[in-house]
Structures are given as C-alpha cells and as structure tokens.
Amino acid sequence: MFGTDPSIAASKAVEIFKNNGVRKILELGGGQGRDTLYFAQQGFEVTVIEYTTAGIQAILERAQELKVSHLVTTVRHDVRQAFPFEAARFDACFSHMLYCMALTISELAFISAETNRVLKPGGINIYTARNTDDADCGTGTHHGEDIYECGKFIIHFFSKEKVETLADGFEIIDIDNFEEGALPRKLFFVVQKKLEDGKVDAAKSSC
C-alpha cells in the first residue's frame, strides 16, 4: 500500500537514533517491512512485532534479499498483549501509524506502558499518528473517542492532549507536524524519552 521506500518518519527517526547512540530498536507494527529493512540497512539491530503472517514472511524474504537477515528479528504478536521481552531490553522503539489504528485509549495506554517497560532508562520512543487537523477527522462513521471509520479504514485521530495523556513514564521531547501521502495525511511525529527516575523534568530538552 505504501510502497517499498522508507517512510518520512523512519528517515527522521534514524537521525535521532544515531544522535542518541541507539543500537537495538523495537518496531511495533512493521507491516511489509519498509521501515524495518531501512533501519537494518542503516546498521541497527531491529526486532519487529507484526500481527500478520504475510507481513512477517515479506520482511524475512526481503531481509534475505538485502543481506540484512542477521540484523532483523521478527515476532508475530498482538501489541494489545504483554510484549514477549524482558524489561530494559531495547535502546529505542519506533512505530509509524500503529497508534492511530482502531485502538481505544486504554489499549494505547497499555501499549505505551509496555513500550516503557522494555526500553532502557533514557530510551527513545518515536511514534506517529494522524492528528485532528487531518481532512478525514470527523468524517465517516464515528466509533467513539476520536475514532472514525473512513472508507475501509478505522482511524484514531490524535490531539496534543492525547499525546500528553499517553506520556506516563516518558518525557515528551518533541511533537512535530508532518504530511504524508496524497490526501495528504496530517500526522504528529512524537519523540519521547523514558524517564530514569520516574519524574518529569519541568524543563523540556531536545534530541
């Protein structure tokens, strides 16, 4: 659906990851692997959670073709269930548009908490989500909260307040806006850092 080139978000994330000494990345919702494989080609070790068997197969086959299989680990798993990893395993987590799928705020809070658990102290979490300025927001069938069924897709649109609600255990480093696709889709690019002492520093820092 989105082609084989890496997303704009993945390209932005790589620079942040390199600036923060990231080596091991967890990706949530890898799809067909366009960002997974890009991260591996940049030299990162990537563990990708994907729900579909077809997605897992596509990632593994393409990783072999690109000779990056040694850097890619696939896990078929539903992110609404506890992640199958020990605590503090990863340097960073990345997810492109997984947060704006048909997930309730409680399910998103669980995903955020699990992400926090498996990140090392000071670890970076980057996610994107379509926001409430998007042209599709408020159209189609309403499914509660800020969730709308637009065509064949159910989308959870984010406000900045929702980003803040889901930041428990993290410091929000940045909430950037960007556009992608033909509509174009309007998205937030959210950068968070796992708190080392459980307290939010009043002063905002920058990656």
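The values are calculated or read from the model by the stated rules, or taken from the named source; none is laboratory data. Predicted model only: the values in this text are computed from it and were never measured. Quick reminder, even Gly has a Cβ in these numbers, built from the backbone with ideal geometry, and neighbours come from all protein chains shown. Heads up: the accessible areas ignore ligands, DNA and RNA and are worked out on the full protein's heavy atoms, side chains in. Shrake-Rupley method; radii C 1.70, N 1.55, O 1.52, S 1.80 Å.
Residues in region 27-57 that are closer than 21 Å to residue 176 by Cβ and either of a type in the set (A, V, I, L, M) or open to solvent by 50 Å² or more (accessible area, probe 1.4 Å) (or both): 28, 42. Cβ separations smaller than 7 Å between residues 6+ apart or across chains give the following pairs from region 56-71 residues that are more than 20 Å from residue 90 (Cβ to Cβ) to residues that are surrounded by fewer than 19 Cβ atoms within 10 Å (Cβ to Cβ): 66/41. Suppose the filter is open to solvent by less than 80 Å² (accessible area, probe 1.4 Å) and modelled with pLDDT under 95; does residue 3 pass it? It is true that residue 3 is open to solvent by less than 80 Å² (accessible area, probe 1.4 Å) and modelled with pLDDT under 95. Could you please find all residues in region 168-182 being open to solvent by 50 Å² or more (accessible area, probe 1.4 Å), more than 23 Å from residue 107 (Cα to Cα) and touching a helix residue (DSSP H, G or I) at 6+ places or on another chain (Cβ under 9 Å)? If the condition is that a residue be open to solvent by 50 Å² or more (accessible area, probe 1.4 Å), more than 23 Å from residue 107 (Cα to Cα) and touching a helix residue (DSSP H, G or I) at 6+ places or on another chain (Cβ under 9 Å), then 176, 179 are the ones that fit.
Yes/no matrix, rows are residues, columns are (1) out of contact with any helix residue (DSSP H, G or I) (no Cβ under 8 Å at 6 or more places or on another chain); (2) touching a residue at least 40 places away in the same chain (Cβ under 8 Å); (3) of a type in the set (Asp, Glu):
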residue	(1), (2), (3)
8	yes, yes, no
26	no, yes, no
29	yes, yes, no
32	no, no, no
37	no, no, no
41	yes, no, no
44	no, no, no
48	no, no, no
51	yes, no, no
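For region 156-166, the set of residues classified as open to solvent by less than 10 Å² (accessible area, probe 1.4 Å) and either of a type in the set (A, V, I, L, M, F, W, C) or more than 17 Å from residue 96 (Cα to Cα) (or both) consists of 157, 158, 163, 166, listed by residue number. Of all residues in region 120-147, those being in contact with a Leu (Cβ under 8 Å, 6 or more places away or on another chain) and crowded, with 16+ Cβ neighbours inside 10 Å number 8. Of the conditions (1) closer than 20 Å to residue 180 by Cβ; (2) open to solvent by 10 Å² or more (accessible area, probe 1.4 Å); (3) not small (Gly, Ala, Ser), residue 99 clears all except one; give me its number. Looking at each condition in turn, residue 99 falls short on (2). Listed by position, the strands (runs of 3 or more DSSP E) inside region 1-119 whose residues that are among the polar types (S, T, N, Q) number at least 2 are 72-76.
Among the residues of region 12-22, are any touching a helix residue (DSSP H, G or I) at 6+ places or on another chain (Cβ under 9 Å), at pLDDT 95 or above and under 23 Å from residue 153 (Cβ atoms)? No: region 12-22 contains no residue that is touching a helix residue (DSSP H, G or I) at 6+ places or on another chain (Cβ under 9 Å), at pLDDT 95 or above and under 23 Å from residue 153 (Cβ atoms).
Within the set 89, 80, 76, the sole residue that is basic (Lys, Arg), open to solvent by 40 Å² or more (accessible area, probe 1.4 Å) and touching a residue at least 40 places away in the same chain (Cβ under 8 Å) turns out to be 89.
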